[in-house]
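Visitor: Sharing a structure with you now.
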Amino acid sequence: MKGVTRAEYCVIACAEAWRGNGEVLASPMGVIPSIGARLARRTFSPDLLLTDGEATLVRPDGTAEGWLPYRQHLTLVTGGRRHVMMGASQIDRFGNQNISCIGDWERPARQLLGVRGSPVNTLNNPTSYWIPRHSRRVFVERVDMVCGVGYDRAGDARYHRIPRVVSDLGVFDFATPDHSMRLVSLHPGVTPEQVREATAFELSLPDEVPQTREPTAEELRLIREVIDPGNTRAREVGA
(Lines give C-alpha, C1' and ligand atoms only; values in the text may rest on other atoms or scores of the structure.)
Protein backbone atom coordinates (compact mmCIF):
# COMPACT_ATOMS: atom_id res chain seq x y z
CA MET A 1 0.00 0.00 0.00
CA LYS A 2 1.11 3.57 -0.61
CA GLY A 3 2.48 5.71 2.20
CA VAL A 4 0.42 6.54 5.27
CA THR A 5 -1.22 9.98 5.12
CA ARG A 6 -1.43 12.55 7.91
CA ALA A 7 -5.18 11.88 8.12
CA GLU A 8 -4.53 8.18 8.67
CA TYR A 9 -2.10 8.91 11.50
CA CYS A 10 -4.84 11.06 13.01
CA VAL A 11 -7.32 8.18 12.69
CA ILE A 12 -4.93 5.90 14.57
CA ALA A 13 -4.33 8.52 17.26
CA CYS A 14 -8.07 8.94 17.75
CA ALA A 15 -8.68 5.17 17.79
CA GLU A 16 -6.07 4.78 20.53
CA ALA A 17 -8.20 6.98 22.81
CA TRP A 18 -10.60 4.03 23.21
CA ARG A 19 -7.95 1.36 23.77
CA GLY A 20 -8.67 -0.62 26.92
CA ASN A 21 -11.99 1.13 27.58
CA GLY A 22 -14.02 -2.08 27.64
CA GLU A 23 -17.79 -1.95 27.28
CA VAL A 24 -18.41 1.79 27.18
CA LEU A 25 -20.37 3.95 24.78
CA ALA A 26 -18.06 5.59 22.24
CA SER A 27 -19.36 8.99 21.13
CA PRO A 28 -17.07 10.35 18.41
CA MET A 29 -17.87 13.74 16.90
CA GLY A 30 -16.27 14.41 13.54
CA VAL A 31 -15.22 12.32 10.57
CA ILE A 32 -11.80 11.19 11.76
CA PRO A 33 -12.91 10.37 15.35
CA SER A 34 -15.82 8.35 13.90
CA ILE A 35 -13.47 6.36 11.66
CA GLY A 36 -11.16 5.91 14.66
CA ALA A 37 -13.94 4.57 16.89
CA ARG A 38 -15.07 2.10 14.25
CA LEU A 39 -11.47 1.00 13.72
CA ALA A 40 -10.98 0.50 17.46
CA ARG A 41 -14.15 -1.59 17.63
CA ARG A 42 -12.97 -3.78 14.72
CA THR A 43 -9.50 -4.35 16.19
CA PHE A 44 -8.25 -3.79 19.75
CA SER A 45 -11.47 -2.65 21.51
CA PRO A 46 -14.13 -5.16 20.42
CA ASP A 47 -16.43 -4.40 23.38
CA LEU A 48 -16.99 -0.74 22.45
CA LEU A 49 -20.61 0.30 21.99
CA LEU A 50 -21.41 2.38 18.91
CA THR A 51 -24.70 4.13 18.11
CA ASP A 52 -26.46 5.63 15.11
CA GLY A 53 -26.70 8.93 17.02
CA GLU A 54 -30.24 8.16 18.12
CA ALA A 55 -31.50 5.07 19.95
CA THR A 56 -29.90 2.15 18.13
CA LEU A 57 -26.67 0.38 19.00
CA VAL A 58 -24.87 -0.49 15.78
CA ARG A 59 -22.09 -2.71 14.54
CA PRO A 60 -19.07 -1.14 12.80
CA ASP A 61 -20.82 -1.63 9.45
CA GLY A 62 -23.83 0.38 10.65
CA THR A 63 -26.28 -2.52 11.01
CA ALA A 64 -28.36 -2.65 14.18
CA GLU A 65 -27.28 -4.82 17.09
CA GLY A 66 -29.33 -3.42 19.97
CA TRP A 67 -31.59 -0.73 21.38
CA LEU A 68 -30.47 2.13 23.61
CA PRO A 69 -33.49 3.98 25.04
CA TYR A 70 -32.96 7.54 26.25
CA ARG A 71 -33.14 6.66 29.96
CA GLN A 72 -30.44 4.02 29.50
CA HIS A 73 -28.34 6.45 27.49
CA LEU A 74 -28.51 8.96 30.37
CA THR A 75 -27.39 6.25 32.79
CA LEU A 76 -24.28 5.68 30.67
CA VAL A 77 -23.65 9.42 30.26
CA THR A 78 -23.85 10.23 33.97
CA GLY A 79 -22.14 7.13 35.27
CA GLY A 80 -18.74 7.25 33.59
CA ARG A 81 -19.56 4.57 31.00
CA ARG A 82 -19.26 6.80 27.98
CA HIS A 83 -16.14 8.17 26.29
CA VAL A 84 -16.79 11.22 24.13
CA MET A 85 -14.42 12.72 21.60
CA MET A 86 -15.55 16.30 20.94
CA GLY A 87 -14.20 19.24 19.02
CA ALA A 88 -12.99 22.51 20.52
CA SER A 89 -13.04 26.05 19.16
CA GLN A 90 -10.66 26.88 22.01
CA ILE A 91 -8.83 24.73 24.54
CA ASP A 92 -6.38 25.80 27.25
CA ARG A 93 -3.49 24.21 29.11
CA PHE A 94 -5.78 22.51 31.66
CA GLY A 95 -8.27 21.19 29.14
CA ASN A 96 -11.01 23.79 29.52
CA GLN A 97 -12.90 23.82 26.22
CA ASN A 98 -14.98 26.48 24.50
CA ILE A 99 -17.52 25.88 21.72
CA SER A 100 -19.89 28.72 22.64
CA CYS A 101 -18.54 32.12 21.64
CA ILE A 102 -15.43 34.15 20.84
CA GLY A 103 -14.92 37.26 22.94
CA ASP A 104 -16.80 38.44 26.02
CA TRP A 105 -19.81 36.14 26.44
CA GLU A 106 -22.06 39.13 27.24
CA ARG A 107 -21.21 40.73 23.86
CA PRO A 108 -19.41 38.06 21.84
CA ALA A 109 -17.56 38.91 18.65
CA ARG A 110 -18.71 35.57 17.26
CA GLN A 111 -21.46 33.17 18.28
CA LEU A 112 -20.63 29.47 17.97
CA LEU A 113 -22.53 26.28 18.80
CA GLY A 114 -23.38 27.12 22.39
CA VAL A 115 -22.45 25.20 25.53
CA ARG A 116 -24.52 22.15 24.48
CA GLY A 117 -23.68 19.01 26.49
CA SER A 118 -20.07 19.90 27.26
CA PRO A 119 -20.41 20.36 31.06
CA VAL A 120 -22.30 17.08 31.50
CA ASN A 121 -19.90 15.25 29.19
CA THR A 122 -16.75 16.44 30.90
CA LEU A 123 -17.89 16.09 34.52
CA ASN A 124 -19.61 12.73 34.15
CA ASN A 125 -17.57 10.67 31.69
CA PRO A 126 -14.15 10.66 30.04
CA THR A 127 -13.87 13.24 27.26
CA SER A 128 -11.14 13.50 24.65
CA TYR A 129 -10.78 16.17 21.97
CA TRP A 130 -10.14 16.22 18.22
CA ILE A 131 -8.80 19.41 16.66
CA PRO A 132 -8.17 19.17 12.90
CA ARG A 133 -6.26 22.47 12.63
CA HIS A 134 -3.80 23.14 15.42
CA SER A 135 -3.25 26.88 15.87
CA ARG A 136 -2.83 29.59 18.48
CA ARG A 137 -6.45 30.57 17.89
CA VAL A 138 -7.53 27.17 19.22
CA PHE A 139 -4.79 26.30 21.73
CA VAL A 140 -5.21 29.46 23.82
CA GLU A 141 -3.86 30.74 27.13
CA ARG A 142 -7.40 31.20 28.45
CA VAL A 143 -10.70 30.18 26.86
CA ASP A 144 -13.26 32.96 26.37
CA MET A 145 -15.98 30.80 27.95
CA VAL A 146 -15.72 27.47 29.75
CA CYS A 147 -17.99 24.84 28.21
CA GLY A 148 -16.05 21.63 28.74
CA VAL A 149 -14.53 21.57 32.22
CA GLY A 150 -10.75 21.27 32.59
CA TYR A 151 -8.64 19.84 35.39
CA ASP A 152 -8.29 23.14 37.24
CA ARG A 153 -12.09 23.45 37.60
CA ALA A 154 -13.26 19.87 37.96
CA GLY A 155 -12.89 19.63 41.73
CA ASP A 156 -13.84 16.19 43.00
CA ALA A 157 -15.97 15.22 40.00
CA ARG A 158 -15.85 11.43 40.15
CA TYR A 159 -15.71 10.62 36.45
CA HIS A 160 -13.88 13.66 35.10
CA ARG A 161 -10.96 12.64 32.89
CA ILE A 162 -9.45 13.96 29.66
CA PRO A 163 -7.54 10.99 28.23
CA ARG A 164 -6.11 12.75 25.19
CA VAL A 165 -6.21 15.60 22.72
CA VAL A 166 -5.46 14.78 19.09
CA SER A 167 -4.65 17.46 16.53
CA ASP A 168 -3.28 17.42 13.00
CA LEU A 169 0.18 17.95 14.53
CA GLY A 170 0.31 15.42 17.34
CA VAL A 171 -1.14 13.81 20.45
CA PHE A 172 -1.39 15.42 23.90
CA ASP A 173 -2.48 14.44 27.39
CA PHE A 174 -2.51 15.85 30.94
CA ALA A 175 -0.29 13.34 32.74
CA THR A 176 1.74 16.01 34.55
CA PRO A 177 1.87 16.89 38.26
CA ASP A 178 -0.45 19.90 37.80
CA HIS A 179 -2.56 18.28 35.04
CA SER A 180 -1.37 20.77 32.43
CA MET A 181 -1.14 19.68 28.81
CA ARG A 182 1.92 17.81 27.59
CA LEU A 183 3.02 16.65 24.17
CA VAL A 184 2.88 12.85 23.89
CA SER A 185 3.75 12.22 20.24
CA LEU A 186 4.31 14.01 16.96
CA HIS A 187 2.86 12.96 13.64
CA PRO A 188 5.58 12.25 11.03
CA GLY A 189 7.08 15.39 9.54
CA VAL A 190 6.09 17.61 12.48
CA THR A 191 8.72 19.15 14.78
CA PRO A 192 8.41 20.25 18.42
CA GLU A 193 9.11 23.80 17.25
CA GLN A 194 6.08 23.72 14.96
CA VAL A 195 3.89 22.65 17.86
CA ARG A 196 5.30 25.34 20.15
CA GLU A 197 4.75 27.99 17.50
CA ALA A 198 1.13 26.88 17.00
CA THR A 199 0.31 26.86 20.74
CA ALA A 200 -0.38 30.02 22.74
CA PHE A 201 0.62 28.51 26.09
CA GLU A 202 3.69 26.67 27.32
CA LEU A 203 3.41 22.94 26.76
CA SER A 204 5.18 20.30 28.78
CA LEU A 205 7.60 18.60 26.39
CA PRO A 206 9.69 15.49 27.06
CA ASP A 207 13.36 15.51 26.12
CA GLU A 208 12.62 13.12 23.27
CA VAL A 209 9.21 13.13 21.65
CA PRO A 210 8.19 9.85 20.00
CA GLN A 211 6.40 9.59 16.70
CA THR A 212 2.69 8.73 16.59
CA ARG A 213 2.48 5.03 15.87
CA GLU A 214 1.90 3.83 12.35
CA PRO A 215 -1.20 1.81 11.47
CA THR A 216 -0.60 -1.86 10.93
CA ALA A 217 -1.15 -3.28 7.46
CA GLU A 218 -4.52 -4.66 8.58
CA GLU A 219 -5.58 -1.35 10.16
CA LEU A 220 -4.65 0.48 6.98
CA ARG A 221 -6.64 -1.99 4.90
CA LEU A 222 -9.67 -1.52 7.14
CA ILE A 223 -9.42 2.27 6.97
CA ARG A 224 -9.02 2.41 3.19
CA GLU A 225 -11.14 -0.49 1.98
CA VAL A 226 -13.80 -1.12 4.64
CA ILE A 227 -14.47 1.87 6.92
CA ASP A 228 -13.70 4.85 4.68
CA PRO A 229 -13.25 3.77 1.05
CA GLY A 230 -14.43 7.21 -0.09
CA ASN A 231 -11.49 8.87 1.70
CA THR A 232 -13.70 11.33 3.60
CA ARG A 233 -10.87 11.57 6.16
CA ALA A 234 -8.88 13.71 3.71
CA ARG A 235 -11.54 16.42 3.93
CA GLU A 236 -10.64 17.05 7.57
CA VAL A 237 -6.88 16.65 7.27
CA GLY A 238 -4.93 16.84 4.03
CA ALA A 239 -2.01 14.65 3.04
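The values are calculated or read from the model by the stated rules, or taken from the named source; none is laboratory data. No experiment lies behind these values; they were computed from the predicted model shown. Glycine also receives a Cβ, built like all others from the backbone with ideal geometry; neighbour counts cover every protein chain displayed. Keep in mind that these areas ignore ligands, DNA and RNA; they rest on the heavy atoms of the full protein, side chains included. Shrake-Rupley method; radii C 1.70, N 1.55, O 1.52, S 1.80 Å.
Visitor: Restricting the range 155-208 to residues that are of a type in the set (Ser, Thr, Tyr) and under 19 Å from Glu141 (Cβ atoms), which is surrounded by the most Cβ atoms within 10 Å (Cβ to Cβ)?
Guide: Ser167
Visitor: Is it the case that the range 18-34 has a residue that's on the phi > 0 side of the Ramachandran plot and out of contact with any Phe, Trp or Tyr (no Cβ under 9 Å at 6 or more places or on another chain)?
Guide: Yes - at least one qualifying residue is present in the range 18-34.
Visitor: May I pose another question? If you check Leu39, Leu25, which single one turns out to be modelled with pLDDT of 95 or more and under 16 Å from the mean Cα position of the chain (by Cα)?
Guide: From the options Leu39, Leu25, the qualifying one is Leu39.
Visitor: Here's a follow-up. Would it be correct to say that His179 is modelled with pLDDT of 95 or more and on the phi > 0 side of the Ramachandran plot?
Guide: Criteria met by His179.
Visitor: Another question, then. Go through the range 203-234 and give me each residue that's of a type outside the set (Lys, Arg), touching a residue at least 60 places away in the same chain (Cβ under 8 Å) and part of a helix (DSSP H, G or I).
Guide: Ala217, Glu218, Glu219, Leu220, Leu222, Ile223, Val226, Ile227, Ala234
Visitor: Which of the residues belonging to the range 138-184 are among the acidic types (Asp, Glu), over 15 Å from Leu205 (Cα atoms) and either assigned to a strand (DSSP E or B) or out of contact with any helix residue (DSSP H, G or I) (no Cβ under 9 Å at 6 or more places or on another chain) (or both)?
Guide: Glu141, Asp144, Asp152, Asp156
Visitor: Across the range 124-137, which residue is modelled with the lowest pLDDT among those that are part of a loop (DSSP other than H, G, I, E, B) and open to solvent by less than 60 Å² (accessible area, probe 1.4 Å)?
Guide: Asn125
Visitor: Another one. For Gly87, indicate whether it is in contact with a Phe, Trp or Tyr (Cβ under 9 Å, 6 or more places away or on another chain) and at pLDDT 90 or above.
Guide: So Gly87 fits the description; yes.
Visitor: I'd like the residue in the range 65-123 that is among the aliphatic types (A, V, I, L, M) and free of Cβ contacts under 8 Å to residues at least 12 places away in the same chain and, out of all such residues, is most open to solvent (accessible area, probe 1.4 Å). Show your work before the answer.
Guide: Initially, the range 65-123 is screened for residues among the aliphatic types (A, V, I, L, M), giving 68, 74, 76-77, 84-86, 88, 91, 99, 102, 109, 112-113, 115, 120, 123.
Checking the rest, the ones that are also free of Cβ contacts under 8 Å to residues at least 12 places away in the same chain come to 74, 109.
Details: Leu74: 76, Ala109: 94 Å².
Filtering first and then ranking leaves Ala109.
Visitor: Okay, next question. As an exercise: evaluate Ala55 against (1) surrounded by 19 or more Cβ atoms within 10 Å (Cβ to Cβ); (2) touching a Pro at 6+ places or on another chain (Cβ under 8 Å) and give the number of the one condition it does not meet.
Guide: Failing condition for Ala55: (1).
Visitor: Would it be correct to say that Arg235 is surrounded by 15 or more Cβ atoms within 10 Å (Cβ to Cβ) and of a type in the set (Lys, Arg)?
Guide: no
Visitor: Here is a further query. Quick check on the range 209-225. Is at least one of its residues surrounded by 15 or more Cβ atoms within 10 Å (Cβ to Cβ) and more than 24 Å from Ile12 (Cα to Cα)?
Guide: Scanning the range 209-225 turns up no residue that is surrounded by 15 or more Cβ atoms within 10 Å (Cβ to Cβ) and more than 24 Å from Ile12 (Cα to Cα).
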